[in-house]
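*Asks:* Provided herewith is a single structure, encoded as structure tokens, for subsequent inquiry.
Taken together, the values in this text are just the output of simple stated rules run on the coordinates, not laboratory data. Everything numeric here is computed off the predicted structure, so don't read it as measured data. Counting neighbours? That spans all protein chains shown, and the Cβs are built from the backbone with ideal geometry, glycine included.
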Ligand code: GRF
């Protein structure tokens, strides 16, 4: 069974959705850069090993990222899932996890990379908004797109109302993207993701019939 490490910074509702999805994978660790991340409690109660790499103890980015990589390697995961992990990761760290690190972003990328996506969507007057699960590359919020979900932006929406509508979709698509990953169904070609009908292993078997 493939192993997943989930990185969080706060609430951890996406992490919770992934754990609750009952995927054919083991959530081997939940790692936070903040000791007070609320999601750590849920993870511990679910019997998942938790680790804190406290960013305040590592003022230099490289030292922080080395400690984070070490924490991740402790459970040798097949996949690293960033779920509300509020740190920009350097090219070295990203390169080390290339092809096996994914992120969820609360906008329909390439629109609104970065912070305050819901506020900016309302300011721009877009009529649809949503979320994106993508592979992580050194350029923040720009990696190959695995899945997106769109929601309507309604007249009079507050930032909180729009965020809640998007979050519901995040909880649906992130576990699905991870399912595809652990089933070996994701193929990246020229920066684009294809989702195979069956996993790589299964198609090899089918080819042998
Ligand atoms: C989510 O909206 C996620 O897309 C963004 O930060 C938020 C984290 O929420 N990157 P949670 O910690 O998963 O509840």
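*Asks:* I need two numbers for the range 87-209: Rg to one decimal and Dmax as a whole number, Cα atoms only, in Å.
*Replies:* Radius of gyration, then largest Cα-Cα span, for the range 87-209: 16.4, 58 Å.
*Asks:* What FRET efficiency, computed as 1/(1 + (r/R0)^6) with R0 = 45 Å and r the Cβ-Cβ distance, is obtained for residue 139 and residue 45, rounded to the nearest 0.05? Don't jump to the answer; show the numbers that get you there.
*Replies:* Values: r = 36 Å, r/R0 = 0.81.
Step by step, r from the Cβ atoms, then E = 0.80.
*Asks:* Something else now. First measure r as the distance between the Cβ atoms of residue 78 and residue 54, then evaluate 1/(1 + (r/R0)^6) with R0 = 45 Å and state the FRET efficiency to the nearest 0.05.
*Replies:* After rounding to 0.05, the efficiency reads 0.95.
*Asks:* Further question on the same structure: Using mean Cβ contacts within 10 Å as the protection proxy, how do 57-65, 135-143 order, highest first? Don't skip to the answer; put the middle values down first.
*Replies:* Working: 57-65: 13.3, 135-143: 18.2.
Going from most to least packed, we get 135-143, 57-65.
*Asks:* Which percent of the Cα-Cα distances in the range 1-97 go past 21 Å?
*Replies:* Of all Cα-Cα pairs in the range 1-97, 25 percent lie more than 21 Å apart.
*Asks:* Roughly what would the spin-label model give for residue 196 and residue 63, points 7 Å off Cα along C-beta, in nm?
*Replies:* With each label placed 7 Å out from Cα toward Cβ, I get 4.4 nm.
*Asks:* Calculate for the chain the 222 nm mean residue ellipticity that helices alone would give, adding -39,500 (n - 2.57) per DSSP H run of length 4 or more and normalising by residue count, nearest 500 deg cm²/dmol.
*Replies:* -11000 deg cm²/dmol
*Asks:* Now a separate question. Could you give the distance between the Cα centres of the range 74-137 and the range 147-195, to the whole Å?
*Replies:* 11 Å
*Asks:* Additional query: Explain nothing, just the number: relative contact order of the chain, from Cα pairs under 8 Å at least 6 residues apart, as a whole percent.
*Replies:* Across the chain, relative contact order equals 17 percent.
*Asks:* Also: Mean 1/r over all different Cα pairs, inverted: what Kirkwood radius does the chain give, in Å?
*Replies:* It works out to 17.7 Å.
*Asks:* A further question on this structure: Relative contact order for the range 19-134: what percent, with Cα pairs under 8 Å and sequence separation of 6 or more?
*Replies:* Here the relative contact order equals 18 percent.
*Asks:* OK, next. What does the extension gain come out to for residue 86 and residue 161, with contour length at 0.36 nm per residue minus their alpha carbon separation?
*Replies:* Values: separation 75, 0.36 × 75 = 27.00 nm, distance 2.14 nm.
Extra length from residue 86 to residue 161 when fully extended: 24.9 nm.
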